[in-house]
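Visitor: Structure incoming, see below.
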Protein chains: 2
Amino acid sequence: MKKFINSVDSFLSESLAGFAAIHHDIVALGDTGTFVRRASKPNGKVALVSGGGSGHEPLHAGFVGKGMLDAACPGQVFTSPTPDQITAAASAVAGEKGVLFIVKNYAGDRMNFEMAAELHDGPTATIVTDDDVAVENSTWTTGRRGVAGTVIVEKIVGAAAEEGGSLESLKALGDEVNARTRSIGVALTSCTVPAAGKPTFALGEDEMEMGVGIHGEPGRRRVKLAPAKAIAAEMMAAVLEDLGKAGFNDGPVILLVNGFGGTPAVELYLMAAMARAELERRGLMIARAPVGSYVTSPEMAGVSLTVSAADERLLALWDAPVHTAALNWGH
Amino acid sequence: MKKFINSVDSFLSESLAGFAAIHHDIVALGDTGTFVRRASKPNGKVALVSGGGSGHEPLHAGFVGKGMLDAACPGQVFTSPTPDQITAAASAVAGEKGVLFIVKNYAGDRMNFEMAAELHDGPTATIVTDDDVAVENSTWTTGRRGVAGTVIVEKIVGAAAEEGGSLESLKALGDEVNARTRSIGVALTSCTVPAAGKPTFALGEDEMEMGVGIHGEPGRRRVKLAPAKAIAAEMMAAVLEDLGKAGFNDGPVILLVNGFGGTPAVELYLMAAMARAELERRGLMIARAPVGSYVTSPEMAGVSLTVSAADERLLALWDAPVHTAALNWGH
């Protein structure tokens with residue numbers, strides 16, 4: 001393992017301090033040093049708090065700021081934030097309208113956010129994202145995993161919160177966006193957790209893991225590396241079949257082409273071209289198509305494709321101003 | 001080599017088509033399909049044209065748009081764009097005020113941009129960037145290499161062009177920013193060129209290349225991997241010593257922490273924290289500090305640190321609105 005690191009113990013706190021110092025116009029470290037919150041607290045809105053294990057940056061701290069989250073709690077790499085970490089964040093940003101937690105569907109995250117919600121003094125609600133169609137149940141998950149679709153939920157619900165939506169309406173909106181959103185990932189190489197110091201799994205020189213999770217969890221099948229066009233076709237078929245079963249058969253859609261971190265932009269745009277062709281072949285209108293490394297896994301080469309069935313209202317919320325480290329427009 | 005690719009021959013054109021389709025609100029493919037230009041041509045300004053070998057994305061196509069470049073010419077991976085490719089781009093975006101080329105200091109790039117300037121029918125000027133302090137002369141370079149500091153030149157000159165600056169004044173401004181800017185890079189792993197299919201150079205499991213070039217050119221020395229703090233200290237010492245010799249001994253500065261592509265954001269922010277500490281220890285005021293993967297090398301894990309001695313005028317140009325795929329604010 002080769003990393004820019006001083007020690008495994010100080011790795012995350014030093015990085016988080018760097019992140020907060022660099023983006024001091026947008027975020028600040030919480031008093032406990034264990035969470036990131038907006039640099040200035042907005043008044044009279046529902047507070048959005050997300051979090052989860054580190055290693056997926058810019059998720060979630062990169063999405064704290066106007067138009068998205070109010071706070072994010074990063075755990076150790078691939079480890080859930082603790083309940084006291086979450087309650088500290090929640091109480092730092094909570095107002096009268098309450099706190100909305102956005103939680104990816106992993107057992108540890110759900111348990112700790114649930115405990116935090118019980119401990120928090122004030123109204124709360126929780127959105128659980130589970131957009132990964134690859135597998136039912138997984139290493140750390142009952143049901144489906146929450147992956148890159150979480151970014152779409154955080155953006156759209158964040159915009160609605162900024163407009164003054166109630167806790168109840170935002171919870172319903174987040175659940176709706178999650179229900180309209182499907183993802184699948186593929187890995188060309190493994191991730192490497194700093195504390196472990198070696199790759200999480202082994203892939204042959206000519207193999208890929210189709211349906212991989214963002215922690216390197218097994219996918220649907222390990223197969224020979226295929227041309228990009230064939231990979232995109234298999235991924236889009238999985239996503240669109242599942243969306244279709246839920247009644248979402250036409251556009252407009254948001255297509256999110258997400259790199260796992262180890263994949264160059266030139267390959268992401270090539271995969272974006274292949275994914276677009278698959279959608280267009282089916283007559284689906286692509287309304288928005290963010291391309292970038294938004295939900296990553298340390299050193300993993302790979303990509304995930306997310307399709308979210310949108311409408312005028314959801315696209316307006318997607319387009320609303322946002323000012324965070326990782327998404328920034330219109331403010 | 002594992003990449004998302006259909007064939008080595010179609011790799012770049014498919015990716016570029018994807019890039020242009022995804023960012024159709026910002027850019028368009030040129031008629032020849034060999035360059036990227038702004039989606040709508042602005043009137044009455046000097047046209048900024050850059051380019052160079054592919055493999056460094058988002059440089060340069062990711063910086064085409066309002067407030068930065070008018071066109072970018074990507075060559076094959078690590079291969080200069082051809083003179084006819086450059087002249088096609090120049091004539092597509094040229095207006096009465098002329099064309100300003102921004103060229104990184106590599107022999108092939110300089111030669112081909114020079115030929116293009118001779119072929120172009122109209123006034124031209126050229127800024128050559130050579131911000132890399134690691135070595136004098138290199139594999140493909142006489143003098144110093146042009147690396148991540150090029151982004152700062154393109155942003156600042158782009159803003160001044162938008163304000164209506166003349167060809168002569170913009171050329172002088174670009175030369176000035178280049179003279180105020182120094183960079184150095186370090187690699188933890190090699191890059192891999194698709195057409196070659198294997199790593200460009202070999203590094204031991206516990207080694208790093210201090211002073212590496214963005215094409216994997218040799219640096220100053222190959223040494224044992226060190227703690228991040230020590231790496232940052234050596235890099236900042238090299239950069240600041242050289243800046244000091246040129247008379248730039250105090251702030252404010254722009255600190256650019258650039259990932260080579262294979263390095264996770266969490267490590268970039270850790271290096272940003274270490275670099276900040278080095279600057280602060282010397283009493284240098286950090287006015288702006290962009291952190292991201294702006295000038296990359298395929299699959300290379302590593303980072304470069306750039307310091308640009310700024311002043312009020314240069315910071316105002318840095319802050320001016322920009323709307324490109326890779327930099328986007330204030331528009």
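The values are calculated or read from the model by the stated rules, or taken from the named source; none is laboratory data. Computed from a prediction, not measured in an experiment: that's the story for all the values here. All Cβ positions, even for glycine, are placed from backbone atoms using ideal geometry, and neighbour counts span all protein chains on display. Just the protein is used for accessible areas: all its heavy atoms, side chains included, with ligands, DNA and RNA removed. Shrake-Rupley method; radii C 1.70, N 1.55, O 1.52, S 1.80 Å.
Visitor: Of all the strands (runs of 3 or more DSSP E) wholly in region B:1-58, which have at least 2 residues that are open to solvent by less than 10 Å² (accessible area, probe 1.4 Å) and more than 7 Å from every other protein chain (Cβ to nearest Cβ)?
Guide: On the way: elements: B:27-29, B:36-38, B:47-54.
Counting at least 2 such residues, we get B:47-54.
Visitor: Okay, next question. When both residues are 6+ apart or on different chains and their Cβ atoms are under 6 Å apart, which pairs have a first residue that lies in region A:62-78 and is within 12 Å of chain B (Cβ to nearest Cβ) and over 15 Å from A:Ala161 (Cβ atoms), and a second that is assigned to a strand (DSSP E or B) and polar (S, T, N, Q)?
Guide: A:Pro74/A:Ser54; A:Val77/A:Ser54
Visitor: Has region A:82-94 got any residue that is in contact (Cβ under 8 Å) with a residue 60 or more places away in the chain and in contact with a helix residue (DSSP H, G or I) (Cβ under 9 Å, 6 or more places away or on another chain)?
Guide: To start, the set of residues in region A:82-94 that are in contact (Cβ under 8 Å) with a residue 60 or more places away in the chain comprises A:92.
Subset that is in contact with a helix residue (DSSP H, G or I) (Cβ under 9 Å, 6 or more places away or on another chain): none.
No, region A:82-94 has no match at all.
Visitor: If you check A:Trp329 against the conditions, is it open to solvent by 30 Å² or more (accessible area, probe 1.4 Å) and either of a type in the set (Phe, Trp, Tyr) or over 24 Å from A:Asp175 (Cβ atoms) (or both)? Let's see the steps before the verdict.
Guide: Working: open to solvent by 30 Å² or more (accessible area, probe 1.4 Å): yes; either of a type in the set (Phe, Trp, Tyr) or over 24 Å from A:Asp175 (Cβ atoms) (or both): yes.
Yes: the conditions hold for A:Trp329.
Visitor: Residue check, B:Glu176 against (1) surrounded by fewer than 21 Cβ atoms within 10 Å (Cβ to Cβ); (2) of a type in the set (D, E, K, R); (3) within 13 Å of chain A (Cβ to nearest Cβ), all met but one. Which one?
Guide: Every listed condition holds for B:Glu176 apart from (3).
Visitor: With the requirement that a residue be more than 13 Å from chain B (Cβ to nearest Cβ), over 22 Å from the mean Cα position of the chain (by Cα) and either among the hydrophobic types (A, V, I, L, M, F, W, C) or over 26 Å from A:Gly143 (Cα atoms) (or both), what does region A:202-235 give you?
Guide: Residue satisfying the conditions is A:Ala202 alone.
Visitor: Somewhere in region B:230-252, is a residue under 28 Å from A:Gly302 (Cα atoms) and either in contact with a strand residue (DSSP E or B) (Cβ under 7 Å, 6 or more places away or on another chain) or at pLDDT 95 or above (or both)?
Guide: Scanning region B:230-252, I find no residue that is under 28 Å from A:Gly302 (Cα atoms) and either in contact with a strand residue (DSSP E or B) (Cβ under 7 Å, 6 or more places away or on another chain) or at pLDDT 95 or above (or both), so the answer is no.
Visitor: Looking at region B:251-291, which of the residues that are charged (D, E, K, R) and outside any strand (DSSP E or B) is farthest from the other protein chains (Cβ to nearest Cβ)?
Guide: Our first condition is that a residue be charged (D, E, K, R); within region B:251-291, this holds for B:267, B:276, B:278, B:280-282, B:288.
Within this subset, residues satisfying the condition of being outside any strand (DSSP E or B) are B:267, B:276, B:278, B:280-282.
Working: B:Glu267: 4, B:Arg276: 6, B:Glu278: 12, B:Glu280: 10, B:Arg281: 14, B:Arg282: 16 Å.
If we take residues in region B:251-291 being charged (D, E, K, R) and outside any strand (DSSP E or B), then B:Arg282 is farthest from the other protein chains (Cβ to nearest Cβ).
Let's see how each residue does on (1) open to solvent by 20 Å² or more (accessible area, probe 1.4 Å); (2) among the β-branched types (Val, Ile, Thr); (3) more than 21 Å from B:His60 (Cβ to Cβ):
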position: B:Lys245; (1), (2), (3): yes, no, yes
position: B:Met274; (1), (2), (3): yes, no, yes
position: B:Gly283; (1), (2), (3): yes, no, yes
position: B:Tyr294; (1), (2), (3): yes, no, no
position: B:Val307; (1), (2), (3): no, yes, yes
position: B:Arg313; (1), (2), (3): yes, no, yes
position: B:Thr324; (1), (2), (3): no, yes, no
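Visitor: Here is a follow-up. Please verify whether B:Arg182 is within 24 Å of B:Ala107 (Cα to Cα) and open to solvent by less than 10 Å² (accessible area, probe 1.4 Å), treating the condition exactly as stated.
Guide: So B:Arg182 does not fit the description; no.
Visitor: Next up: Under 8 Å by Cβ, and 6 or more places apart or on different chains, what pairs join a residue from region A:223-234 that is over 14 Å from B:Ile5 (Cβ atoms) with one that is in a helix (DSSP H, G or I)?
Guide: A:Ala233/A:Met274; A:Ala233/A:Glu278
Visitor: Another question, if that's okay. Can you pull out every residue in region A:153-166 that is part of a loop (DSSP other than H, G, I, E, B) and open to solvent by less than 30 Å² (accessible area, probe 1.4 Å)? Break it down into steps so the answer makes sense when it comes.
Guide: Looking only at region A:153-166, we keep the residues that are part of a loop (DSSP other than H, G, I, E, B), and these are A:163-166.
If the condition is that a residue be part of a loop (DSSP other than H, G, I, E, B) and open to solvent by less than 30 Å² (accessible area, probe 1.4 Å), then A:Gly165 is the only one that fits.
Visitor: Can you say whether B:Val257 is under 26 Å from B:Gln76 (Cβ atoms), among the aliphatic types (A, V, I, L, M) and crowded, with 23+ Cβ neighbours inside 10 Å, as far as the supplied structure shows? Step through it out loud before you land on a result.
Guide: Details: under 26 Å from B:Gln76 (Cβ atoms): no; among the aliphatic types (A, V, I, L, M): yes; crowded, with 23+ Cβ neighbours inside 10 Å: yes.
Criteria not met by B:Val257.
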